[in-house]
Amino acid sequence: MKTPRRFLPPALLLVTLASCVELTGQRISFRYDPAKDELQILFCHDGIHESPPERNDEGAKQIAEYVENGDLLFLDWPGSIRMKDIRARAEDPSAPQALRDLCTAVASLVRSTPVGRYRDPDGKVGAAQLVVVSRAKDLVARINGAINESILNEPILSDSPWAATLNRMQAGARQGRAWLSIDGHSLRFAFPAAPGEWAYHKAVFVKELLKAWQEAKEGKSNDNRPTFFLQLLALSPLSVDESSEGVSIRLGDPKRPLPIRFAMRDAYNSKLETAVAGAVPADLDDALARRLTGGGDGKEPSGVEAIASWGPPEDSVRALLKRAASADPAARPSAIAGLHRLAEAWNRDGSMPRAPAPSDSTDRHLDAWREWYRRVIACPPVE
């Protein structure tokens with residue numbers, strides 16, 4: 001679906017860059033604390049590896065700079081938002097004022113902390129990141145201001161296929177419309193689409209998606225859009241509300257934090273593992289296992305506590321698997337008990353794929369959990 005560029009929050013349009021780094025997947029969870037007006041976002045970057053062809057040490061440099069500067073990464077490295085570029089845009093006199101105000105707010109209100117690195121059951125290295133947005137509603141208001149400014153500064157061509165929608169959007173922008181909002185533990189984006197235009201472009205989009213799916217299935221292309229939208233539409237907490245007034249899209253569950261999972265590629269190599277270890281020295285699974293089995297001191301870093309309390313359940317499973325498979329026999333009982341508790345909660349909620357039932361063989365039981373982990377982060381999760 002060809003949507004106007006102005007549909008997207010300007011903060012996400014600031015930076016795109018060629019990269020020597022790729023991910024096999026990413027998982028994102030967010031939690032809003034209304035008392036503090038604080039939005040916490042957990043990023044789990046799975047399978048961090050070098051993008052072929054080999055590019056000397058550029059990938060290692062990108063990882064080190066990413067952590068040092070507190071940058072953000074949405075889906076894959078070309079979606080990086082670099083904080084130094086945000087600060088530069090805030091001081092750029094040629095940039096629109098509302099965009100400068102937004103960048104100033106991002107630079108002062110958004111803080112990133114590396115939580116730790118981990119290795120999945122197949123040996124792929126990943127890293128977790130906790131991003132905390134203070135005065136979150138103030139930042140959202142500035143995003144809305146930048147969107148309004150962008151819309152009002154763009155002329156509407158009479159032959160635009162979105163002309164009626166764009167006229168509605170400009171009318172909303174003149175009234176200071178709020179496009180983005182926080183709804184519990186979810187984010188909502190709403191815009192006044194003209195019903196006929198929206199329906200037409202939605203039909204064209206679905207047709208193109210089905211065509212791309214068939215071509216990818218036949219080996220005629222490597223277009224990954226069908227898989228991406230399958231994950232987003234079918235496997236993520238997403239809702240779309242359409243009416244004569246417009247469209248409202250909500251990502252997340254207002255009542256509780258839920259992970260959004262994206263599997264991006266199967267390819268992986270170990271060339272950046274040393275760089276990840278250098279940039280993120282903390283062992284996440286070790287700290288998480290101590291927290292889950294009662295072996296911690298109650299002073300775990302906020303990122304570890306976030307993953308244990310409201311992060312993706314598979315991260316806790318991975319940590320307990322590592323502890324249960326350790327050479328220390330004394331570590332196994334508490335880890336196995338932790339897996340049982342997670343299985344009961346997961347299955348009671350009706351989540352898929354079903355978590356493994358207890359087994360007389362510890363080795364078989366742990367193997368079943370490893371397979372469960374692979375299924376959960378796959379798209380779609382294979383039964």
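Being modelled with pLDDT under 85 and not hydrophobic (A, V, I, L, M, F, W, C) is the filter here; which residues of the stretch 218-258 pass it? Working first, answer last.
As a first pass, look at the stretch 218-258 and keep what is modelled with pLDDT under 85: 221-236.
Scanning the stretch 218-258 gives SER221, ASN222, ASP223, ASN224, ARG225, PRO226, THR227, GLN231, SER236.
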Check on LEU209, touching a residue at least 12 places away in the same chain (Cβ under 8 Å), touching a helix residue (DSSP H, G or I) at 6+ places or on another chain (Cβ under 6 Å) and hydrophobic (A, V, I, L, M, F, W, C): yes
Criterion (buried (at least 20 other Cβ atoms within 10 Å of the Cβ) and at pLDDT 95 or above) met by exactly one of ALA275, ALA282, ALA263: ALA275
3 or more residues surrounded by 17 or more Cβ atoms within 10 Å (Cβ to Cβ) and among the β-branched types (Val, Ile, Thr): qualifying strands (runs of 3 or more DSSP E) within the stretch 90-195: 125-133
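Every residue, every condition in (1) more than 20 Å from LEU235 (Cβ to Cβ); (2) in contact with a Lys or Arg (Cβ under 6 Å, 6 or more places away or on another chain); (3) charged (D, E, K, R), yes or no:
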{"residue": "LEU292", "(1), (2), (3)": "yes, no, no"}
{"residue": "ARG318", "(1), (2), (3)": "no, no, yes"}
{"residue": "HIS340", "(1), (2), (3)": "yes, no, no"}
{"residue": "ASP360", "(1), (2), (3)": "yes, no, yes"}
{"residue": "ASP363", "(1), (2), (3)": "yes, no, yes"}
Single match in SER94, SER112, SER108 (criterion: under 30 Å from ASN148 (Cα atoms), outside the structural domain of TRP310 (by TED's automatic domain parsing), within 17 Å of the chain's Cα centre (by Cα) and small (Gly, Ala, Ser)): SER112
Near pairs, Cβ below 7 angstrom, 6+ apart or cross-chain, from the stretch 343-371 (farther than 16 Å from LEU321 by Cβ and free of Cβ contacts under 8 Å to residues at least 12 places away in the same chain) to any residue that is part of a loop (DSSP other than H, G, I, E, B) and among the aliphatic types (A, V, I, L, M): ASN347/ALA355
Members of the stretch 37-51 found to be in contact (Cβ under 8 Å) with a residue 40 or more places away in the chain and not in a strand (DSSP E or B), listed by number: ASP37, GLY47, ILE48
Test: LYS299 is within 30 Å of ARG111 (Cβ to Cβ), crowded, with 16+ Cβ neighbours inside 10 Å and out of contact with any Lys or Arg (no Cβ under 7 Å at 6 or more places or on another chain): no
Where ILE336 falls short, out of the listed (1) of a type in the set (A, V, I, L, M, F, W, C); (2) in contact (Cβ under 8 Å) with a residue 24 or more places away in the chain; (3) assigned to a loop (DSSP other than H, G, I, E, B); (4) out of contact with any strand residue (DSSP E or B) (no Cβ under 9 Å at 6 or more places or on another chain): (3)
Residue in the stretch 341-353 that is surrounded by 13 or more Cβ atoms within 10 Å (Cβ to Cβ), of a type in the set (Ser, Thr, Tyr) and in a loop (DSSP other than H, G, I, E, B) present: yes
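Residue by residue, here is whether (1) under 19 Å from LEU130 (Cβ atoms); (2) in the same structural domain as ILE28 (by TED's automatic domain parsing); (3) assigned to a helix (DSSP H, G or I) holds:
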site: GLY278; (1), (2), (3): no, no, yes
site: LEU288; (1), (2), (3): yes, no, yes
site: ARG291; (1), (2), (3): yes, no, yes
site: GLY294; (1), (2), (3): no, no, no
site: LYS299; (1), (2), (3): yes, no, no
site: VAL304; (1), (2), (3): yes, no, yes
site: ALA308; (1), (2), (3): yes, no, yes
site: ARG318; (1), (2), (3): yes, no, yes
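Which one is surrounded by the most Cβ atoms within 10 Å (Cβ to Cβ), of the residues in the stretch 372-382 that are in contact (Cβ under 8 Å) with a residue 40 or more places away in the chain, hydrophobic (A, V, I, L, M, F, W, C) and assigned to a loop (DSSP other than H, G, I, E, B)?
Filtering first and then ranking leaves CYS379.
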Sole residue being assigned by TED's automatic domain parsing to the domain that holds ASP349, within 21 Å of the chain's Cα centre (by Cα) and more than 29 Å from TRP198 (Cβ to Cβ), chosen from PRO257, PRO312: PRO312
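The values are calculated or read from the model by the stated rules, or taken from the named source; none is laboratory data. None of these values were measured; they are calculated from a predicted model. When we count neighbours, we look across all protein chains shown, and the Cβ atoms used for this are built from the backbone with ideal geometry, even at glycine.
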